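What follows is a short report on a single structure.
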Amino acid sequence: MAALKDLDAELSQVTASLNKIQTELQALLHKQENLQERKSQLESEINRRRSCSSSKDEEVTNWSSEDFPWSKSVRSILKSTFRMDDFRSKQLEAINATLSGRDVILIMSTGGGKSLTYQLPALVGKGITVVISPLVSLMEDQIISLNRFGIEAKLLNAASTKDEVKHVHQSMTSQSPSFRLLYVTPEKISKSKRFMAQLEKCYKSVNLNRIAIDEVHCASQWGNDFRPDYKILGILKRQFPKSPIIGLTATSTDKVTEDTKKMLNIPFALVFKTALDRRNLFYQVREKPNTNDDVIKDIVQLINSNFKNQPGIIYCFSRKNCAEVASSLNKRGIKSSEYHAQLTPDDKTKVHHMWSDNNIQVICATIAFGMGIDKPNVRFVIHHSMSKSVENYYQESGRAGRDGSPALCLLYFGFTDVFKQSTMVMTERTGLDNLNQMIKYCLDVKSCRRNLISTYFGEAWSSISCHEMCDTCSGMHKYKNCDVTSACQSLISTIRLAESKGDGNRLTGSKVVEAAAGRGKNKSLDLKSFTASEIQRILLHMLHMEYIR
């Protein structure tokens with residue numbers, strides 16, 4: 001009996017060892033597979049570069065040239081289909097590069113014409129361009145625009161019918177697809193095995209011409225808007241190595257760009273970048289009135305005085321704010337509607353069309369959801385609350401004035417809004433750092449707004465070039481230099497006093513201001529020589545400088 005137990009024990013040990021070896025073997029096989037794929041990518045890139053003639057070598061290729069085999073076709077499609085006389089900055093370079101089979105990252109200012117760089121190439125040849133976008137509103141808007149040009153495009157999302165899905169899947173493997181552009185969300189790639197299987201068939205049928213990834217900065221964890229579903233997009237280059245990828249974004253620092261290339265497995269991607277500045281936009285930061293009613297009155301007066309019956313966007317902190325602002329504007333005779341992630345797809349489409357067709361003047365959208373709607377004659381973009389990052393603000397404000405005519409980008413900077421945003425971004429990898437940069441932008445009443453934005457993105461900028469198209473350069477702010485050392489010390493004493501009483505965890509920004517004014521439970525040193533607004537600015541300055549947290 002003892003011998004049998006020994007055999008059982010030995011069998012268990014052997015089984016455990018085999019299981020361990022099997023697990024290690026699977027890990028090694030997976031690693032081998034990844035290395036083989038990387039080897040193939042490197043060999044393909046090396047062979048491509050070796051086969052290039054000296055005139056077409058990467059270092060000397062003139063991507064703006066119109067001597068490529070497809071150049072006549074590209075120019076013809078631009079005029080006859082898109083009804084444009086010429087290309088904007090970096091559009092032709094990106095088009096030539098993607099038609100050459102190169103992977104591309106295009107960083108272009110909002111309204112600069114990013115979509116043309118994959119829409120036009122989609123009409124050269126017979127295959128399909130798959131466009132991945134996080135915003136259904138943007139996809140719907142682009143399909144509407146493409147249909148007006150007579151270009152057939154399809155969208156697959158949660159609202160697609162079985163018949164629509166069947167038709168799209170059949171066309172993906174057809175010798176003559178019925179459409180050239182297919183729009184999908186990143187969730188389709190990460191969660192739909194059925195779609196990925198069909199995409200594999202599309203690739204094997206030599207129908208997958210390219211993959212366009214909009215808002216490509218979302219793939220980077222260092223970016224302002226990292227989305228987990230974008231992380232899985234790195235699989236695309238491994239599964240479809242011969243299909244070039246073109247990634248598009250309006251905002252990307254050098255660090256984010258390099259991380260994005262790594263995440264998407266496109267280390268050799270060409271990077272094209274346009275200047276950030278949009279000279280027709282007037283940037284302004286205005287101190288937010290104390291009550292919601294006063295904010296609405298200010299907005300109504302602004303719209304009625306300067307933008308009567310002209311379309312605009314108001315970005316709000318939450319869907320509740322969207323509803324409140326839209327309702328308040330409607331009561332005051334300004335036709336408005338809310339737009340946020342919690343609306344049904346049908347409601348989003350309805351609101352989108354009403355605004356696009358000028359049946360409503362203002363659309364109130366959440367900052368977190370974004371708009372993604374390309375309406376060229378937006379005359380104003382108002383931020384009812386500050387954005388969570390400079391990247392977000394640049395993108396959102398950039399939806400104004402896409403037609404090139406003057407437009408206003410106004411941000412209401414509120415003290416309590418800073419603390420609301422901080423609770424939202426605490427869990428993001430770079431959330432508080434990004435918010436800190438936004439606070440710096442809002443607090444600055446001396447520097448050119450364009451200079452602040454350009455410097456953030458690593459571009460050189462001369463304030464002379466602003467031509468007084470921002471509040472600081474046009475002299476809208478009056479200020480004086482003042483030593484606030486003692487005020488800062490008093491505020492720190494106020495905070496420490498609250499901590500000593502055990503109230504530190506419940507001490508809000510508003511309570512610190514109240515205490516500094518000699519009121520409330522935690523009152524300490526009296527700062528009556530400063531207004532509440534000035535105390536708020538000092539506190540935010542201390543937060544920005546990290547004297548307090």
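Looking only at segment 453-508, filter to residues that are at pLDDT 80 or above and of a type in the set (Lys, Arg); which one of those is nearest to Cys442 (Cα to Cα)?
Lys478
Take the residues in segment 522-544 that are among the small types (Gly, Ala, Ser) and farther than 18 Å from Glu287 by Cα; name whichever of them is modelled with the highest pLDDT.
Out of the qualifying residues, it is Ser529.
Please go through segment 80-99 and pick out each residue that is surrounded by 18 or more Cβ atoms within 10 Å (Cβ to Cβ) and of a type outside the set (Lys, Arg).
Scanning segment 80-99 gives Phe87, Gln91, Leu92, Glu93, Ala94, Ile95, Asn96, Ala97, Thr98, Leu99.
Taking the stated definitions as given, is Pro267 in the same structural domain as Ile77 (by TED's automatic domain parsing), more than 21 Å from the chain's Cα centre (by Cα), at pLDDT 90 or above and farther than 23 Å from Gly127 by Cβ?
Here the answer is yes, as Pro267 does meet what is asked.
I'd like to check something: does segment 392-399 contain any residue that is among the small types (Gly, Ala, Ser), at pLDDT 90 or above and in a helix (DSSP H, G or I)?
Yes, that holds for at least one residue.
Out of Cys202, Cys218, which single residue is surrounded by 16 or more Cβ atoms within 10 Å (Cβ to Cβ), of a type outside the set (Asp, Glu) and touching a Lys or Arg at 6+ places or on another chain (Cβ under 6 Å)?
Cys218
Within segment 374-382, identify whether any single residue is charged (D, E, K, R) and at pLDDT 95 or above, and answer yes or no.
Yes, that holds for at least one residue.
Can you say whether Asn306 is polar (S, T, N, Q) and in contact with a helix residue (DSSP H, G or I) (Cβ under 8 Å, 6 or more places away or on another chain), as far as the supplied structure shows?
no
Among the residues of segment 317-336, is there at least one that is of a type in the set (Ser, Thr, Tyr), part of a helix (DSSP H, G or I) and farther than 17 Å from His384 by Cβ?
no
Among Gly431, Gly404, which is the only one that is under 28 Å from Ala532 (Cβ atoms), surrounded by fewer than 20 Cβ atoms within 10 Å (Cβ to Cβ), not assigned by TED's automatic domain parsing to the domain that holds Thr251 and not β-branched (Val, Ile, Thr)?
Gly431
Exactly one of (1) in contact (Cβ under 8 Å) with a residue 60 or more places away in the chain; (2) under 24 Å from the mean Cα position of the chain (by Cα) is unmet by Ile299. Its number?
Going through (1) in contact (Cβ under 8 Å) with a residue 60 or more places away in the chain; (2) under 24 Å from the mean Cα position of the chain (by Cα) one by one, Ile299 breaks only (2).
Which residue, of Lys335, Lys331, is over 17 Å from the mean Cα position of the chain (by Cα) and in contact (Cβ under 8 Å) with a residue 12 or more places away in the chain?
The conditions single out Lys335.
Report yes if Ile360 is outside the structural domain of Ser133 (by TED's automatic domain parsing), farther than 23 Å from Leu135 by Cα, of a type in the set (Val, Ile, Thr) and surrounded by fewer than 24 Cβ atoms within 10 Å (Cβ to Cβ), otherwise no.
no
Name the helices (runs of 4 or more DSSP H) wholly within segment 414-510 that hold at least 2 residues that are under 30 Å from Met108 (Cβ atoms)?
The helices (runs of 4 or more DSSP H) meeting that bar are 415-425, 431-443, 449-456.
Within segment 262-282, identify whether any single residue is part of a helix (DSSP H, G or I) and either crowded, with 23+ Cβ neighbours inside 10 Å or touching a helix residue (DSSP H, G or I) at 6+ places or on another chain (Cβ under 7 Å) (or both), and answer yes or no.
Yes, segment 262-282 contains a residue that is part of a helix (DSSP H, G or I) and either crowded, with 23+ Cβ neighbours inside 10 Å or touching a helix residue (DSSP H, G or I) at 6+ places or on another chain (Cβ under 7 Å) (or both).
So which of Leu233, Leu248 is out of contact with any Pro (no Cβ under 6 Å at 6 or more places or on another chain), modelled with pLDDT of 90 or more, buried (at least 20 other Cβ atoms within 10 Å of the Cβ) and not in a strand (DSSP E or B)?
Leu233
Quick one: in segment 292-316, of everything that is part of a loop (DSSP other than H, G, I, E, B) and touching a Lys or Arg at 6+ places or on another chain (Cβ under 6 Å), which residue is surrounded by the most Cβ atoms within 10 Å (Cβ to Cβ)?
Going through the qualifying residues, I end up with Phe307.
From (1) closer than 27 Å to Ser336 by Cβ; (2) surrounded by 17 or more Cβ atoms within 10 Å (Cβ to Cβ); (3) among the charged types (D, E, K, R), pick out the condition that doesn't hold for Glu287.
The one condition Glu287 does not meet is (2).
Tell me, which helices (runs of 4 or more DSSP H) wholly within segment 75-158 include 3 or more residues that are at pLDDT below 95 and in contact with a helix residue (DSSP H, G or I) (Cβ under 9 Å, 6 or more places away or on another chain)?
Where helices (runs of 4 or more DSSP H) fall fully within segment 75-158 and carry at least 3 residues being at pLDDT below 95 and in contact with a helix residue (DSSP H, G or I) (Cβ under 9 Å, 6 or more places away or on another chain), they are 136-148.
Looking at segment 213-228, which of the residues that are part of a loop (DSSP other than H, G, I, E, B) and on the phi < 0 side of the Ramachandran plot is modelled with the highest pLDDT?
Restricting to residues being part of a loop (DSSP other than H, G, I, E, B) and on the phi < 0 side of the Ramachandran plot, the top hit is Ser220.
Is it the case that Ser327 is over 30 Å from Lys231 (Cα atoms) and polar (S, T, N, Q)?
yes
The values are calculated or read from the model by the stated rules, or taken from the named source; none is laboratory data. Predicted model, so just to flag it, every value in this text is computed and none were measured. Please note: Cβ atoms are built from the backbone with ideal geometry, for glycine as well, and neighbour counts cover all protein chains shown.
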